[in-house]
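The values are calculated or read from the model by the stated rules, or taken from the named source; none is laboratory data. Predicted model only: the values in this text are computed from it and were never measured. Here the Cβ is made from the backbone with ideal geometry for all residues, glycine too, and neighbour counts use every protein chain on show.
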Amino acid sequence: MKLKIILLLSLILMASKFYASDTLGFVSPVDHKVILTGNFMELRSNHFHSGIDIKSRRGVAGDVIKSVHDGYISRIRITSGSYGNALYIDHPNGYTSVYAHLDEFIPEISSYLEDIQYSLERFEVDIYLPDSLLSVVQGQEIGRMGNTGRSFGPHLHFEIRKTDSETPVNPELYGFGPQDSKPPVLQALYVYHIDDNDKVGQSDVKYFNPKKLGYELHLPEVSVSSDKVGLGLQMYDSMNGGSNKNGIYSYKLYVDDSLKYVWKADAFSFDDNRKINAFMDYGRYKKFSQKIYLLYQQKCSDFIESISPDNGIISLQEGDIKNIKIQVIDIRGNEVETQFRLSKKSSTAIISDESVMSCDHAYRKSSGVFDIDFEEGAFYSPQNLSIESSKQKALNQNCHTITVGNRSIPVSKRYKISCKIPSEYNDQWTIISRGSNGKYYDFGADTLGGKLTSEVDELGQFFVYKDKEPPSLEVINLQASMQSPWKIRIKDNLIPDGRLDDLSYRATVNGKWIRMRYDLKNDLLIFNDFERLGPGPYRFLLVATDNCGNKSTLNRLIQ
């Protein structure tokens, strides 16, 4: 009996290393069992996930959302994409809770928001409130779960941030999240061969033997020919009650029993968001959507404060045999590990050519009518880029075209593409790129120093394009009976890349601005504030403008 008690206490202490029991007095934001469809710092496209995604009770919108502590509404943010309808609540314990993708707010908040939107004549707003305006108490309903913004199913995106710094912290450390007894799952080991210029020359994949218990490779020894290697693991965390492949909480790399690399998903800064592209195997993520965590730090990445001077990179000499151990732990202390030997099979080092661009220098490259300017630190590791200009068709237009490397190489900061200003230049000229989905993305362009210049944040193929096509407007419903919301479908030939705004639009009825909600996922403008309209008939006017100044107008008498 005594032995059982000691064992139980040991397990509790072990789990407490990874899961904080001090909840700072928080309660759950939902009334039902918490099941996560996404966890903190799981890998997303160009960013870490800054919170947890809580599944709806029945898979539909409408679940009651409650304030997790006393406090006040400090911010209301309404966007067509991103967080959609979002509330921020500051609490007296020094933390802020964030509730995103809400379907609706309680009447007090909705009424205040509507008045602000009509006074500013804007649907998208970002409002910061004083602490005396909208107070809430713990457990009070603040809204309903929804699917607004960049959301692909009803859920609550929930965050905990430090109020003074706006640093997101892992909500599961403060009592949020489900109980879990399932350990992480390892899928494959990747071995990256690193050359004398600190550039990855090639990579090998090793799979675990399904016929053996635990995570053993088919062969216990991995032989390499390079002097330096980095390791990566394709893996995910599974949780009780859900089938989602969630992100990893923590891992450790040991070489000959010496801890060489460690990471834990406790907190991060939004300023470091883009560094995710050096934290994972960006190329395989872009090509195959595989999530491979790197167990080393690339030369020009400073995301993790390394515990060893080699940043997790393993150096080998001919005849060396290193014992490798990797431990992967979830936030509840469930752990898996893999062990193998790493050996150097020959003395042949991988040496790249002199055309490699170092990641700690600035470069200007020219091809045809184009100049390409990279700042120092534009890459996370040295690169050998092919840069070629040509003329190719985009959207049935013959365009000056520049190809800069390929999309599988990440950049850490924006770089400049510039070319001679077209002789017939006007504001319709821009720089565009074709995405893997076949759609064209607009990066915008300005005139600078006698050149047409754009700042872009990815490699690939870019076109100098004259956009002459205005947005399209299609009436779905403009019934005078007002039995259902008015809806207009709005589309454009180009998609803003994220730095540019979405389509701008202005709708009026009898000359007065009306609030039309922009449902970006479905390309819809929606209006149902019918109580704000006087008696008919109604002269409805909608003007939509794209990022190149092309304008469309819809003028309709509703009676």
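Can you tell me which residue within region 382-416, out of those that are in a loop (DSSP other than H, G, I, E, B) and over 20 Å from His47 (Cβ atoms), is nearest to the chain's Cα centre (by Cα)? Among those residues, the one meeting the criterion is Asn406. When region 133-159 is filtered for residues that are part of a loop (DSSP other than H, G, I, E, B) and over 25 Å from Met41 (Cβ atoms), the ones remaining, listed by number, are Leu133, Leu134, Val137, Gln138, Gly139, Gln140. Is one or more of the residues making up region 546-559 under 21 Å from Thr79 (Cα atoms) and among the aliphatic types (A, V, I, L, M)? No, that holds for no residue. Note on region 545-559: among residues that are surrounded by 13 or more Cβ atoms within 10 Å (Cβ to Cβ) and under 17 Å from Gly444 (Cα atoms), the one that is farthest from the chain's Cα centre (by Cα) is Asn550. Filter region 437-456 down to residues that are surrounded by fewer than 21 Cβ atoms within 10 Å (Cβ to Cβ) and in contact (Cβ under 8 Å) with a residue 60 or more places away in the chain, then give me how many there are. So the count comes out to 2.
Within region 70-80, does at least one residue satisfy the condition of being outside any strand (DSSP E or B), at pLDDT below 95 and in contact with a helix residue (DSSP H, G or I) (Cβ under 9 Å, 6 or more places away or on another chain)? Yes, region 70-80 contains at least one residue that is outside any strand (DSSP E or B), at pLDDT below 95 and in contact with a helix residue (DSSP H, G or I) (Cβ under 9 Å, 6 or more places away or on another chain).
Inside region 492-526, residues that are under 17 Å from Gly149 (Cα atoms) and more than 21 Å from the chain's Cα centre (by Cα) make up a count of 10.
Would you check if there is a residue in region 81-90 being over 22 Å from the mean Cα position of the chain (by Cα) and either over 28 Å from Arg532 (Cα atoms) or not in a loop (DSSP other than H, G, I, E, B) (or both)? Yes: region 81-90 contains one or more residues that are over 22 Å from the mean Cα position of the chain (by Cα) and either over 28 Å from Arg532 (Cα atoms) or not in a loop (DSSP other than H, G, I, E, B) (or both).
Going by the structure shown, is Arg341 closer than 30 Å to Pro220 by Cβ, part of a strand (DSSP E or B) and basic (Lys, Arg)?
yes
Going through (1) out of contact with any Leu (no Cβ under 6 Å at 6 or more places or on another chain); (2) at pLDDT 95 or above; (3) crowded, with 17+ Cβ neighbours inside 10 Å one by one, Asn85 falls short only on (1). Between Ile52, Ile73, the distinction of being under 20 Å from Glu108 (Cβ atoms), crowded, with 19+ Cβ neighbours inside 10 Å, in contact (Cβ under 8 Å) with a residue 40 or more places away in the chain and not hydroxyl-bearing (Ser, Thr, Tyr) belongs to Ile73 only.
Given the structure, is Ser484 among the small types (Gly, Ala, Ser) and not assigned by TED's automatic domain parsing to the domain that holds Gly377? Yes, satisfied. Summed over region 448-502, residues that are of a type in the set (Val, Ile, Thr) and within 28 Å of Asn277 (Cβ to Cβ) total 4. Of the set (1) modelled with pLDDT under 95; (2) among the hydroxyl-bearing types (Ser, Thr, Tyr); (3) in contact with a Phe, Trp or Tyr (Cβ under 8 Å, 6 or more places away or on another chain), all apply to Tyr99 but (1).
Elements of the type strands (runs of 3 or more DSSP E) sitting completely within region 167-257 and holding at least 1 residues that are closer than 27 Å to Ile409 by Cα: these cover 184-194, 200-207, 221-224, 228-237, 250-255.
Considering only residues that are among the acidic types (Asp, Glu) and in a loop (DSSP other than H, G, I, E, B), look in region 507-556 and name the one that is nearest to Gln428 (Cα to Cα).
Narrowing region 507-556 to residues among the acidic types (Asp, Glu): 519, 523, 529, 531, 546.
Still in the list and also in a loop (DSSP other than H, G, I, E, B): 523, 529, 546.
Details: Asp523: 23, Asp529: 35, Asp546: 10 Å.
Among those that are among the acidic types (Asp, Glu) and in a loop (DSSP other than H, G, I, E, B), it is Asp546.
Listed by first and then second residue, the pairs with beta-carbon distance under 6 Å, at least 6 apart or on different chains, first residue in region 297-324 and under 20 Å from Pro410 (Cα atoms), second of a type in the set (Val, Ile, Thr) and modelled with pLDDT under 90, are Gln297/Ile304. All told, Phe370 meets the bar of being in the same structural domain as Ser436 (by TED's automatic domain parsing) and either within 30 Å of Phe176 (Cα to Cα) or out of contact with any helix residue (DSSP H, G or I) (no Cβ under 8 Å at 6 or more places or on another chain) (or both).
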